[in-house]
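Here the structure comes first, spelled out in structure tokens, and everything after it is commentary.
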Amino acid sequence: GAVVSQHPSRVICKSGTSVKIECRSLDFQATTMFWYRQFPKQSLMLMATSNEGSKATYEQGVEKDKFLINHASLTLSTLTVTSAHPEDSSFYICSAPRAQGSTEAFFGQGTRLTVV
Amino acid sequence: AQTVTQSQPEMSVQEAETVTLSCTYDTSESDYYLFWYKQPPSRQMILVIRQEAYKQQNATENRFSVNFQKAAKSFSLKISDSQLGDAAMYFCAYRSALETSGSRLTFGEGTQLTVNP
């Protein structure tokens, strides 16, 4: 079946530095990918929609300059947390639909970001 | 905007017994999709079951079934013959049928299910 691979699974970075998270669709093309953020014992909150070849669409309240999204190819979307602060520590998950308009979503394994 | 509400933060069940997880949602749309996802300690999201709003028949996947009440905007998940591996956080999710760009989901708060041996 389709697989979405997310890397790294865990990352620790110092305050003020940037960290990049990759989301790859392994055996299918994804023109759209979604980035979610999950705090401990809480739900997944959509941060942004990544669109191949065009700008990402950010949800209200999400700083686009802080969370840079690049969808450079049909199989890769990246989320860069710039100038990270401890409050950015969270679990980040990407997902991609199996096909355009598909009701089935595949999720990456998630990335636990800790900013110290 | 759509909202999804799970009023049970935690539930527990004895192994081999049946448990029902509740979910309600609010939408003005008539066509949409509803999902239950499972998130075990590994944090990997796993699709449990899916329901199309235009289908009156409740979806079933082996030990998992739903009770979809469209008028009441209710979408509960029943797990029969509970197994230890069913222990996880369960999320109810909504997707508009109008969302042509893919699988944009709105999630509920989640229900942590414990299965007691």
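One table, with the values for the structure above:
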| read-out | value |
| --- | --- |
| Check on A:Val116, away from chain B (no Cβ under 12 Å), open to solvent by 10 Å² or more (accessible area, probe 1.4 Å) and in contact (Cβ under 8 Å) with a residue 24 or more places away in the chain | yes |
| Residue that is nearest to B:Arg43 (Cα to Cα), among those in the stretch A:31-78 that are assigned to a loop (DSSP other than H, G, I, E, B) and open to solvent by less than 30 Å² (accessible area, probe 1.4 Å) | A:Ser43 |
| Sole residue being of a type in the set (A, V, I, L, M, F, W, C), at the interface with another protein chain (Cβ under 10 Å from one of its Cβ atoms) and free of Cβ contacts under 8 Å to residues at least 40 places away in the same chain, chosen from A:Leu68, A:Leu46 | A:Leu46 |
| Hey, A:Leu74 under 12 Å from the mean Cα position of the chain (by Cα) and of a type outside the set (Asp, Glu) or not | no |
| Strands (runs of 3 or more DSSP E) (entirely within the stretch B:21-117) containing at least 2 residues that are within 13 Å of another protein chain (Cβ to nearest Cβ) and open to solvent by 10 Å² or more (accessible area, probe 1.4 Å) | B:32-39, B:46-52, B:88-96 |
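Residue-wise test of (1) charged (D, E, K, R); (2) under 14 Å from A:Thr111 (Cβ atoms); (3) under 15 Å from the mean Cα position of the chain (by Cα).
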residue	(1), (2), (3)
A:Trp35	no, yes, yes
A:Lys41	yes, no, no
A:Met45	no, no, yes
A:Thr57	no, no, yes
A:Val62	no, no, yes
A:Thr82	no, no, yes
A:Asp88	yes, yes, yes
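The values are calculated or read from the model by the stated rules, or taken from the named source; none is laboratory data. Note that the coordinates shown come from a computational prediction; the quantities given were computed from them, not determined experimentally. Here the Cβ is made from the backbone with ideal geometry for all residues, glycine too, and neighbour counts use every protein chain on show. Areas reflect the complete protein model, heavy atoms only, side chains present, ligands, DNA and RNA absent. Shrake-Rupley method; radii C 1.70, N 1.55, O 1.52, S 1.80 Å.
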